[in-house]
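Peer 1: Encoded as structure tokens, here's the structure I'll be asking about.
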Amino acid sequence: MSNYETSPISVQKELINKLRDTQTLSKNEWIRLIDGRTPELADYLFENAREVRIKHYGHDVYVRGLIEFTNYCRNDCYYCGIRRSNPNVHRYRLTKDEILDCCKTGYELGFRTFVLQGGEDGWFTVPRLADIVSDIHKNWPDCAITLSVGEMEHDAYQTLFDAGADRYLLRHETYDDAHYRMLHPASLSALHRQNCLWDLKSIGYQIGTGFMVGAPFQTTENLADDMLFLKELNPHMVGIGPFIPHHDTQFAEEPAGTLELTLYLLGLIRLMLPKVLLPATTALGTISPTGREQGILAGANVVMPNLSPTEVRKDYLLYDNKICTGDESAQCKNCLAQRMESVGYHVVVDRGDSLNK
């Protein structure tokens, strides 16, 4: 048990007040605040996070139409179910027409942001991706296009931006290089991934990053470093979710991250980056039937239903037990809207651009 856990609740609340008022804490203060959390402190944090979220975004919840268009990946990240060396994955790629059909369906449902997410699949060259992005932009010019396709060179990112991509999601996963190497093969590095984020921001993308909560070998110091990096990068969106093991990886027997810590960190991020877009992720909904609703009440303001064809959703399995039907289906957007209404928020038809500049 941490020494910080004996700190009086009043001292911890002062740290939350400081974060709310200045948006800045030292590394030692981050450690104290994370290690010293209690249910009472979490309630106080969430109350403040909701006030900040409502000040900037009201009770609106933005929806993103997620299109998981390929589960081929050149990388071999130790925690990921679609890692290159997993022989048990049923691999697929959507065609350009299938991707455009997903967008057409989503647009008719009211989606004004499409998120094209996939493994780092060499078949989808930069020209092929740019062609797809260009057609989406041409057909639905009032929609935002978000890409989440991993690490590339600066020129590739520029080409996709010029083709019409507005946003790019690239979770840094963990800031600390030593911890990063425990989760990834030697061909990947924390610094290169971070440099990609700086490249994306310099080009003009609205950028999103984030990290796993409760990843194997993660320490509170790692989480403090993640928070300091988020403050320095000042992204437009932050996506965090609990680590959930996949049965075909070396971390199959590791414990999952917790809903409790993930929600707490969501609240802290909302206070540190008041105008950031903050999703209540699929992983939250996977570890708890009301995980996404609790995420919204902790300060989140984005949800990402799945627009992918039903027959491939089960194959984009980054972790076990991922929800991929029912409310996670874009066709059940009304169900999701009802879930948000149940906690006092409402889904809106909007691009949902970040107010963070």
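The values are calculated or read from the model by the stated rules, or taken from the named source; none is laboratory data. All figures in this text were calculated on a predicted structure; none of them were measured in a lab. Please note: Cβ atoms are built from the backbone with ideal geometry, for glycine as well, and neighbour counts cover all protein chains shown. Heavy atoms of the whole protein, side chains included, go into the accessibility calculation; ligands, DNA and RNA do not. Shrake-Rupley method; radii C 1.70, N 1.55, O 1.52, S 1.80 Å.
For (1) hydrophobic (A, V, I, L, M, F, W, C); (2) surrounded by 22 or more Cβ atoms within 10 Å (Cβ to Cβ); (3) without any contact (Cβ under 8 Å) to a residue 24 or more places away in the chain, each residue gets a yes or a no:
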{"residue": "Arg53", "(1), (2), (3)": "no, yes, no"}
{"residue": "His56", "(1), (2), (3)": "no, no, no"}
{"residue": "Arg74", "(1), (2), (3)": "no, no, no"}
{"residue": "Gly81", "(1), (2), (3)": "no, yes, no"}
{"residue": "Asn86", "(1), (2), (3)": "no, no, no"}
{"residue": "Asp121", "(1), (2), (3)": "no, no, no"}
{"residue": "Ala130", "(1), (2), (3)": "yes, no, no"}
{"residue": "Ile136", "(1), (2), (3)": "yes, yes, no"}
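Peer 1: Look at the range 246-260 and say how many of its residues are open to solvent by less than 20 Å² (accessible area, probe 1.4 Å), within 20 Å of Thr220 (Cα to Cα) and not aromatic (Phe, Trp, Tyr).
Peer 2: Going residue by residue through the range 246-260, those that are open to solvent by less than 20 Å² (accessible area, probe 1.4 Å) are 246, 249, 251, 257.
Then keep just the ones that are within 20 Å of Thr220 (Cα to Cα); that gives 251, 257.
Now restrict to residues that are not aromatic (Phe, Trp, Tyr): 257.
Of the residues in that region, 1 qualify.
Peer 1: Separate question: Being surrounded by fewer than 22 Cβ atoms within 10 Å (Cβ to Cβ) and under 25 Å from Ile287 (Cα atoms) is the filter here, so list the residues in the range 186-214 that pass it.
Peer 2: Gly214
Peer 1: Going by the conditions given, is Val115 among the hydrophobic types (A, V, I, L, M, F, W, C), open to solvent by less than 60 Å² (accessible area, probe 1.4 Å) and in a loop (DSSP other than H, G, I, E, B)? Lay out the reasoning, then the answer.
Peer 2: Numbers: among the hydrophobic types (A, V, I, L, M, F, W, C): yes; open to solvent by less than 60 Å² (accessible area, probe 1.4 Å): yes; in a loop (DSSP other than H, G, I, E, B): no.
No, not satisfied.
Peer 1: Restricting attention to the range 18-27, and to residues there that are assigned to a helix (DSSP H, G or I) and either in contact with a Cys (Cβ under 9 Å, 6 or more places away or on another chain) or touching a residue at least 24 places away in the same chain (Cβ under 8 Å) (or both), which single residue is nearest to Val52 (Cα to Cα)?
Peer 2: Kept after step one, since they are assigned to a helix (DSSP H, G or I), are these residues of the range 18-27: 18-22, 27.
Remaining after also requiring either in contact with a Cys (Cβ under 9 Å, 6 or more places away or on another chain) or touching a residue at least 24 places away in the same chain (Cβ under 8 Å) (or both): 19-20, 27.
Values: Leu19: 12, Arg20: 8, Lys27: 23 Å.
Once the filter is applied, the top-ranked residue is Arg20.
Peer 1: Take Arg128 and tell me if it is under 22 Å from Leu66 (Cβ atoms), in a helix (DSSP H, G or I) and touching a His at 6+ places or on another chain (Cβ under 7 Å).
Peer 2: On the way: under 22 Å from Leu66 (Cβ atoms): yes; in a helix (DSSP H, G or I): yes; touching a His at 6+ places or on another chain (Cβ under 7 Å): no.
It is false that Arg128 is under 22 Å from Leu66 (Cβ atoms), in a helix (DSSP H, G or I) and touching a His at 6+ places or on another chain (Cβ under 7 Å).
Peer 1: Here's a follow-up. Does Pro274 meet the test of being open to solvent by 10 Å² or more (accessible area, probe 1.4 Å), in a loop (DSSP other than H, G, I, E, B) and at pLDDT 85 or above?
Peer 2: Numbers: open to solvent by 10 Å² or more (accessible area, probe 1.4 Å): yes; in a loop (DSSP other than H, G, I, E, B): yes; at pLDDT 85 or above: yes.
Taking the combined requirement at face value, the residue satisfies it.
Peer 1: How many residues, within the range 302-345, are of a type outside the set (Ser, Thr, Tyr), open to solvent by 70 Å² or more (accessible area, probe 1.4 Å) and either modelled with pLDDT of 85 or more or closer than 21 Å to Thr113 by Cα (or both)?
Peer 2: Restricting attention to the range 302-345, the residues satisfying the condition of being of a type outside the set (Ser, Thr, Tyr) are 302-307, 309, 311-315, 317-318, 320-324, 326-328, 330-341, 343-344.
Remaining after also requiring open to solvent by 70 Å² or more (accessible area, probe 1.4 Å): 311, 314, 321, 331, 334, 338, 341.
Then drop every residue that is not either modelled with pLDDT of 85 or more or closer than 21 Å to Thr113 by Cα (or both), which leaves 331, 334, 338, 341.
Going through the range 302-345 one residue at a time, the tally reaches 4.
Peer 1: Same structure, new question: Could you list, in sequence order, the residues of the range 88-112 that are in a helix (DSSP H, G or I) and crowded, with 19+ Cβ neighbours inside 10 Å? Spell out the reasoning first.
Peer 2: Taking the range 88-112 as the starting set, the residues that turn out to be in a helix (DSSP H, G or I) are 96-109.
Passing the criteria: Ile99, Cys102, Cys103, Gly106.
Peer 1: Could we say that Gly295 is at pLDDT 95 or above, under 28 Å from Thr38 (Cβ atoms), touching a Gly at 6+ places or on another chain (Cβ under 6 Å) and assigned to a helix (DSSP H, G or I) here?
Peer 2: On the way: at pLDDT 95 or above: yes; under 28 Å from Thr38 (Cβ atoms): yes; touching a Gly at 6+ places or on another chain (Cβ under 6 Å): no; assigned to a helix (DSSP H, G or I): yes.
Spelling it out, it is not the case that Gly295 is at pLDDT 95 or above, under 28 Å from Thr38 (Cβ atoms), touching a Gly at 6+ places or on another chain (Cβ under 6 Å) and assigned to a helix (DSSP H, G or I).
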